[in-house]
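Scroll down for the structure; my scribbles are underneath it.
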Amino acid sequence: MTKNGMKVLDSDMHLMEPVDLWDRYIDDKYRAIAPRGLTSENVRDLRMAHPDGRPWGVYRSNGVRSGAPNRGSNFNKNQGIYRAHSERQWTAEVQLEAMDTEGIDVAVLYPTRGLNVLSEPHMEADFAAALARAYNDWLYDFCEKDPARLLGAGMISPFDIDDAVKEAERCVKELGFRAVFMRSNIVNERNWYDPYYEPLWSVLEELAVPAGFHESSSSTARQTGDWFEPNFMLRRAVAQPMEQMLGLVAICAGGVLARHPNLRVAFLEANCSWLPWLLWRLDEGWEREADVWAPEMTMKPSDYFKRQVFVSVEPDEVGVKYVIDYIGTDRLVFSTDYPHGDSKYPHAVENFLELKISDTDKRKILWDNCAEFYKVT
């Protein structure tokens, strides 16, 4: 399959987990406290709840759940686009048909409800690890419908590094996933350059599998968007890109990549047009004060970025041409964000092909770079 003669590899396509995923897949000892998805007239209802009914994994402003309201033009548009997908239970067959409609050859799959399942601070480590294992077991079954086109990114818990290492190994060696993912949002009071994470970065190097950082527009943990509650329009505008920017700062300028030169990292679904400024800013700080704060970094942060980091481009992100001017095309990958509320589905690829960049750049972003990141041939 090609779109206008170009192969398409979606670096960050989402699926919609069933409401009873954790009830069906989690270890028996945790079933009574596992989250359950909620349903409503919203065909894309993303909510989850604790067994006692409390909202799971979302910020609460004045005791009210934060989230996109079930009203407005964007809500109504998505109700129409995705109703049939919801009525068919978001199955793997639905996923593959959506890929065919959009013109996607291969997609790496990230969660929807699963983005928030580990976003409650200070979770009990064994329970958090069980939640991740359950999601990964379900994802394996989902991808079995067409393993050549549906590629998994495994969930790992940050609450116990030994669990994270074991699950990363299982995701690759037993489940055949092409990546593991975490959120940039800090839930355990340890930034990503903390020595605590060194065993994880080392095992990802050994496994030759990348880490995809992926944010969400809500979290029980403190998040940048909280300052704009309860205005969801403003929260969503800042939550994902700014949390991802903070994650990139830690990874690129905190010494992680200097210590792990074979580690590959991506920051997904957060735009890319901010990259020139942020990389310039990090380089400026490194030039001034690296002798004190980053003596192990022998290169500028932007050099580590260009060697090891990828960032996704939105389908209609016109500012990508300025990013290409500043750092080139090699570190950029394509994302549709199906079936989320700000996706351009079913016209995401078409929108991208209309951007004012060269066909050579489009081809690299749509396939070559993503294939390099996930080791797809």
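The values are calculated or read from the model by the stated rules, or taken from the named source; none is laboratory data. Values in this document were obtained by computation on a predicted structure and should not be read as measured data. Positions of Cβ are backbone-derived with ideal geometry, glycine not excepted, and every protein chain shown enters the neighbour counts.
Within segment 152-169, is even one residue within 22 Å of ALA348 (Cβ to Cβ) and of a type outside the set (D, E, K, R)? There is at least one residue in segment 152-169 that is within 22 Å of ALA348 (Cβ to Cβ) and of a type outside the set (D, E, K, R). Here LEU131 fulfils each of the conditions (1) modelled with pLDDT under 95; (2) among the aliphatic types (A, V, I, L, M); (3) not in a loop (DSSP other than H, G, I, E, B) apart from (1). When each of PRO55, PRO69 is tested for being within 25 Å of the chain's Cα centre (by Cα), buried (at least 19 other Cβ atoms within 10 Å of the Cβ) and over 23 Å from ASP141 (Cβ atoms), the lone residue that passes is PRO55. Checked across segment 308-316, the condition of being over 17 Å from the mean Cα position of the chain (by Cα), surrounded by fewer than 16 Cβ atoms within 10 Å (Cβ to Cβ) and closer than 23 Å to HIS214 by Cβ holds for at least one residue. Cβ separations smaller than 8 Å between residues 6+ apart or across chains give the following pairs from segment 6-18 residues that are of a type in the set (Gly, Ala, Ser) to residues that are assigned to a loop (DSSP other than H, G, I, E, B) and crowded, with 24+ Cβ neighbours inside 10 Å: SER11/SER335.
All conditions but one from (1) of a type outside the set (S, T, N, Q); (2) surrounded by 14 or more Cβ atoms within 10 Å (Cβ to Cβ); (3) farther than 17 Å from ASP368 by Cβ apply to GLU284; the one that does not is (2). Just to be sure I understand, how many residues within segment 337-377 are part of a helix (DSSP H, G or I) and of a type in the set (Gly, Ala, Ser)? The number of residues fulfilling the criteria is 2. In segment 324-377, the residue that is surrounded by the most Cβ atoms within 10 Å (Cβ to Cβ) out of those that are small (Gly, Ala, Ser) and within 28 Å of GLU17 (Cα to Cα) is SER335. Across segment 185-236, the number of residues qualifying as aromatic (Phe, Trp, Tyr), outside any loop (DSSP other than H, G, I, E, B) and surrounded by 18 or more Cβ atoms within 10 Å (Cβ to Cβ) comes to 4.
In segment 109-147, the qualifying residues are those that are within 22 Å of ALA32 (Cβ to Cβ) and of a type in the set (S, T, N, Q), and the one that is farthest from the chain's Cα centre (by Cα) is ASN136. Counting only residues that are of a type outside the set (Lys, Arg), closer than 28 Å to GLU229 by Cα and assigned to a loop (DSSP other than H, G, I, E, B), how many does segment 24-60 have? Summing the residues that are of a type outside the set (Lys, Arg), closer than 28 Å to GLU229 by Cα and assigned to a loop (DSSP other than H, G, I, E, B) in segment 24-60 gives 18.
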